[in-house]
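Structure, as structure tokens:
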Amino acid sequence: MNIILFGPPGVGKGTQGTRLSEDYGFLPIAMGDLLRSEVKEGSDLGLKAKTYMDVGALVPDAVVIGMIESRIVADDAAKGFVLDGFPRNVVQAEALVDMLAKHAVLIDRVVFMQANKAVLVERLSGRLICSACGFGFHRHHSPPEKEGCCDRCGGTLYQRDDDCEDVIESRLKVYVTQTAPLLDYYSGSDLFRSVDAEGDLDDIYSRLQQALGEIN
Ligand code: ADP
Ligand code: ZN
């Protein structure tokens with residue numbers, strides 16, 4: 001099953017997408033993670049991307065479109081993938097259509113996750129991420145057992161540079177102007193589902209599973 005998760009920053013695409021991938025053996029393809037690993041490596045692409053990410057702007061379409069194709073057709077995507085953070089605007093959505101057609105890959109579900117702005121800001125500003133395994137925690141809602149330390153692997157937790165107040169505000173604005181139009185783009189499709197992403201993590205996950213229908 002090939003799934004697109006979309007929705008505002010902080011809605012839980014990464015958290016829920018990771019869980020889905022672990023439970024069903026899908027390949028997680030998270031555009032933000034791919035970009036952050038380029039930044040970490042210090043590649044030319046990473047250096048370029050960082051200037052946009054630091055201020056909460058979208059990295060140019062040509063850059064992200066170029067990065068996604070090889071992932072979608074990778075051997076480990078054969079059992080399915082969960083695409084998160086791409087597409088983020090209509091140009092990217094159209095590029096994805098061409099890419100999928102070229103490789104005869106079909107999307108089974110496009111899931112829109114929604115939560116109100118106060119919830120998003122609160123989740124983003126309290127978020128902590130493991131520098132070793134990438135697992136996410138929250139200062140108040142799901143704190144690690146030992147402060148600063150990942151429960152899963154013992155790695156050091158950090159706060160993302162763009163999870164600060166100013167940049168969160170910019171990312172939410174960019175979402176409204178550039179990504180939210182994808183709702184119109186996808187909502188007429190049979191594949192489209194919308195999921196309430198507020199509340200308890202397990203409840204959200206159950207709603208997501210329901211939205212996906214029978215998972216193969
Ligand atoms: P979030 O969804 O919480 O904002 P991500 O990790 O998905 O976080 O993205 C972080 C940043 O990476 C974005 O603010 C943007 O700068 C860049 N980015 C991620 N995906 C894309 C994309 N599809 N197109 C352009 N830029 C992107
Ligand atoms: Zn960890």
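Once you've got the Cα coordinates, tell me which of 13/79; 48/173; 50/79; 50/146; 13/117 are over 27 Å apart. Walk me through the intermediate numbers first.
On the way: 13/79 20 Å; 48/173 21 Å; 50/79 32 Å; 50/146 31 Å; 13/117 15 Å.
Pairs exceeding the cut-off: 50/79; 50/146.
First measure r as the distance between the Cβ atoms of residue 125 and residue 104, then evaluate 1/(1 + (r/R0)^6) with R0 = 45 Å and state the FRET efficiency to the nearest 0.05. Walk me through the numbers on the way to the answer.
Working: r = 42 Å, r/R0 = 0.94.
Rounded to the nearest 0.05, the efficiency is 0.60.
The stretch between residue 132 and residue 73 holds 18.6 nm of extra length on full extension. This uses 0.36 nm per residue minus the Cα-Cα distance.
Across the options 68, 52, 101, the greatest Cα extent toward the positive end of the charge dipole of the chain (unit charges at beta carbon of Lys, Arg, Asp, Glu) belongs to 52. In order along region 142-148, the phi-based Karplus estimate (6.51 cos²θ - 1.76 cosθ + 1.60, θ = phi - 60°) of 3J(HN,Hα) comes to 8, x, x, 4, 10, 4, x Hz; Gly and Pro are listed as x.
Dipole size of region 1-91 about its Cα centre, with +1 on Lys/Arg Cβ and -1 on Asp/Glu Cβ: approximately 220 debye, rounded to the nearest 20. Around the amide H of residue 112, modelled in the peptide plane, lie the amide H atoms of 6, 193, 194, 195, all under 5 Å away and 5 or more residues distant in sequence or on another chain. The Rg/Rh ratio for region 1-131, using Cα coordinates for both the radius of gyration and the Kirkwood hydrodynamic radius, is 0.95. Note on 15, 51: ascending count of other Cβ atoms within 10 Å places them as 51, 15, the fewest first.
Between residue 190 and residue 94, take the C-beta separation as r, use R0 = 25 Å, and let me know the FRET efficiency to the nearest 0.05. Before the final figure, lay out each step's value.
Details: r = 19 Å, r/R0 = 0.75.
Using R0 = 25 Å, I get an efficiency of 0.85.
Eigenvalues of the alpha-carbon gyration tensor of region 59-216, scaled by 5 and square-rooted, set the equivalent ellipsoid semi-axes at 28, 19, 18 angstrom, largest first. Near residue 128, the amide H atoms lying under 5 Å from its own belong to 137, 138, 139; only residues 5 or more places off or on other chains count, and H is placed 1.01 Å from N. Between region 126-194 and region 44-66, what is the separation of their alpha carbon centroids in Å? Comparing the Cα centres of region 126-194 and region 44-66, I get a distance of 18 Å. Scanning the chain for DSSP H helices at least 15 Å long along the axis (C-alpha atoms) with a Kyte-Doolittle mean no lower than 0.5 picks out 61-72, 90-102.
Once Rh is set to the Kirkwood radius over Cα pairs, what Stokes-Einstein translational diffusion coefficient, in µm²/s, holds for region 128-216 at a temperature of 20 °C and a viscosity of 1.002 mPa s? Let's see the in-between values first.
On the way: Rh = 16.0 Å.
The diffusion coefficient I find is 134 µm²/s.
What FRET efficiency comes out for residue 159 versus residue 41 if R0 is 22 angstrom and r is the Cβ-Cβ distance? Round to the nearest 0.05. Walk me through the intermediate numbers first.
Details: r = 21 Å, r/R0 = 0.95.
The formula returns an efficiency of 0.60 here.
Where a number appears in this text, it was derived from the coordinates with a stated rule and is not lab data. Just so we're clear, the structure is a prediction, and the values are computed from it rather than from any experiment. No Cβ is skipped: glycine too gets one built from the backbone with ideal geometry, and neighbour counts run over all protein chains shown.
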